[in-house]
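Each remark here refers to the structure printed beneath this line.
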There are 2 protein chains.
Amino acid sequence: MASWPSVSSFCVDVIQKRNLFEGIRGELAAEVIERLAHSPHARVERIVSRGHASPPGFWYDQAEHEWVMVVKGRARLRFADDSLHELNAGDHLTIPPHTRHRVDWTAPGEDTVWVAVFF
Amino acid sequence: MASWPSVSSFCVDVIQKRNLFEGIRGELAAEVIERLAHSPHARVERIVSRGHASPPGFWYDQAEHEWVMVVKGRARLRFADDSLHELNAGDHLTIPPHTRHRVDWTAPGEDTVWVAVFF
């Protein structure tokens, strides 16, 4: 009877290149958040908005730091002290833990692509 | 004698917006690495290359994960198994800890701007 060859177990770390602008759906009923990388201590996400904003009255209130950058498109963040930050391509900021904020506006009719790092 | 008014102590977390493409020097003798955000568990860096590559025979060998993206420009990474990854704007990949790699090439005569997250 044939038997499977004896093999040593091994791991291959395949390093896979992806592009931030690929795989964006034609229809976006809501903002789309996808994880690009993670460990127990941090995660990197891609967020795609197309005219979306946080629901009325909704505030993000996170335990982690967030570093966020608009890579493409335009957006406006509002903080609980009513300060506003207009973000164009390349604009980035760090949001300390438990700093309440919301997406006030993103450009309609185009994709706003963000990278967010939670740590 | 006039005295200072009594005030409660308070902290203001000033959230500061910056742009990834600002403050790039006219002359770059070597690749420039700047920290954009950090905590004990992670850091976000901007790297600007202008035709620079890792010195011959040099390999990065890091204890952390690295997620890296070329935001602008063009670059080529080489891994210790001799695999190559050509990176254009938006291309990103995750490098596991202790995966030896080097910057083999970046586009001459233009800025290649990277975001790297170590975690």
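The values are calculated or read from the model by the stated rules, or taken from the named source; none is laboratory data. The structure presented is a predicted model; accordingly, all values stated were derived computationally and were not measured. Cβ sites come from the backbone with ideal geometry, for glycine too, and all protein chains shown count toward neighbours. Quick note on the areas: whole protein, heavy atoms, side chains included, nothing else; ligands and nucleic acids left out. Shrake-Rupley method; radii C 1.70, N 1.55, O 1.52, S 1.80 Å.
Laid out as a table, the results:
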{"quantity": "Residue A:44 under 23 Å from residue B:41 (Cα atoms), in contact (Cβ under 8 Å) with a residue 40 or more places away in the chain and facing another protein chain (nearest Cβ under 7 Å)", "calculated": "yes"}
{"quantity": "Residues of region A:69-107 satisfying the condition of being at the interface with chain B (Cβ under 7 Å from one of its Cβ atoms), in contact with a strand residue (DSSP E or B) (Cβ under 7 Å, 6 or more places away or on another chain) and open to solvent by 10 Å² or more (accessible area, probe 1.4 Å)", "calculated": "A:71, A:85, A:91, A:94, A:99"}
{"quantity": "Residues of region A:1-24 satisfying the condition of being at pLDDT 90 or above, part of a loop (DSSP other than H, G, I, E, B) and surrounded by 10 or more Cβ atoms within 10 Å (Cβ to Cβ)", "calculated": "A:17, A:20, A:21, A:23, A:24"}
{"quantity": "Hits in region A:25-39 - residues which are open to solvent by 80 Å² or more (accessible area, probe 1.4 Å) and either within 10 Å of another protein chain (Cβ to nearest Cβ) or outside any strand (DSSP E or B) (or both)", "calculated": "A:25, A:27, A:29, A:38"}
{"quantity": "Conditions (1) modelled with pLDDT under 95; (2) within 21 Å of residue B:20 (Cβ to Cβ): number failed by residue A:113", "calculated": "(1)"}
{"quantity": "Scan of region A:40-68 for residues that are open to solvent by 50 Å² or more (accessible area, probe 1.4 Å), more than 14 Å from residue A:104 (Cβ to Cβ) and not charged (D, E, K, R), ordered by number", "calculated": "A:40, A:41, A:63, A:65"}
{"quantity": "Top-ranked residue of region A:47-68 - restricted to ones that are out of contact with any Asp or Glu (no Cβ under 7 Å at 6 or more places or on another chain) and of a type in the set (A, V, I, L, M, F, W, C), ranked as nearest to the other protein chains (Cβ to nearest Cβ)", "calculated": "A:67"}
